[in-house]
């Protein structure tokens, strides 16, 4: 009998207030190790605010955000500055609006993402300036890692192009590749399918499932494309006005009357959104 997946992320009573406005209200959920957990809801429901609290952009008003690595080491994210959440807890995110280094090449974007390992290998500049063997070895590893993800994302032919010159769909892939080069334990994707056409979204779906399978990666996903969410997610959390109105496996969520009313519209609208004809 297969053992249930261990909890990677435990969110307890998360509340985020901005003055008199409550963006997140007493939110609790768990994300299991190796699962794809989706957070959905209408615009303004508080989805990105949850990401901002998890990654240190905001300090929650109330709440406990506990991440547990496979070795048992625990991190209370609400007490950590953003750079330590990325460096020590290995929570890495992408953004709804693409934030690549547009003036750097595609390959350089992926090498820069490994700056923490390179900085440590350089002895905080000394070994790098002297180009000592320990730094050269780390530099080779960084380039190898970058080339691995270029190949995985189908971007090898674009390695020397400026990131800002890539087609939009390729930029989305590059952003995920850059996040993977940072060695995430939890990868937080903020609307990765935004702006993609149906074919590109289907390719993204397969790519995320492959990454999860091959690397055992845990993914936390914000997404408006309901077909994508229902196809790849293990667990779905539905927000409305900052509060959780439903959570569970996709089949439960898609049938919940509160979800249909608040987010998916009428049952007929839901059927259109979830099938999209070509799926």
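Numbers for the structure displayed
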read-out: Filter result (closer than 19 Å to residue 104 by Cβ and surrounded by 15 or more Cβ atoms within 10 Å (Cβ to Cβ)) within region 149-160; value: 149, 150, 153, 155, 158, 159
read-out: Subset of region 35-72 (residues that are assigned to a loop (DSSP other than H, G, I, E, B), at pLDDT 95 or above and closer than 14 Å to residue 186 by Cβ); value: 35, 55, 56, 69
read-out: From the options 138, 157, 142, residue that is assigned to a helix (DSSP H, G or I) and at pLDDT 90 or above; value: 157
read-out: Subset of region 195-222 (residues that are surrounded by fewer than 22 Cβ atoms within 10 Å (Cβ to Cβ), in contact with a helix residue (DSSP H, G or I) (Cβ under 9 Å, 6 or more places away or on another chain) and not in a helix (DSSP H, G or I)); value: 195, 196, 197, 217
read-out: Exclusive hit being closer than 30 Å to residue 71 by Cβ, touching a residue at least 12 places away in the same chain (Cβ under 8 Å), loosely packed, with under 14 Cβ neighbours inside 10 Å and in the same structural domain as residue 210 (by TED's automatic domain parsing), set 38, 31, 6; value: 6
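The values are calculated or read from the model by the stated rules, or taken from the named source; none is laboratory data. For clarity, every value in this text was computed on a predicted model and none was experimentally measured. Neighbour counts run over all protein chains shown; Cβ positions are idealised from the backbone, glycine included.
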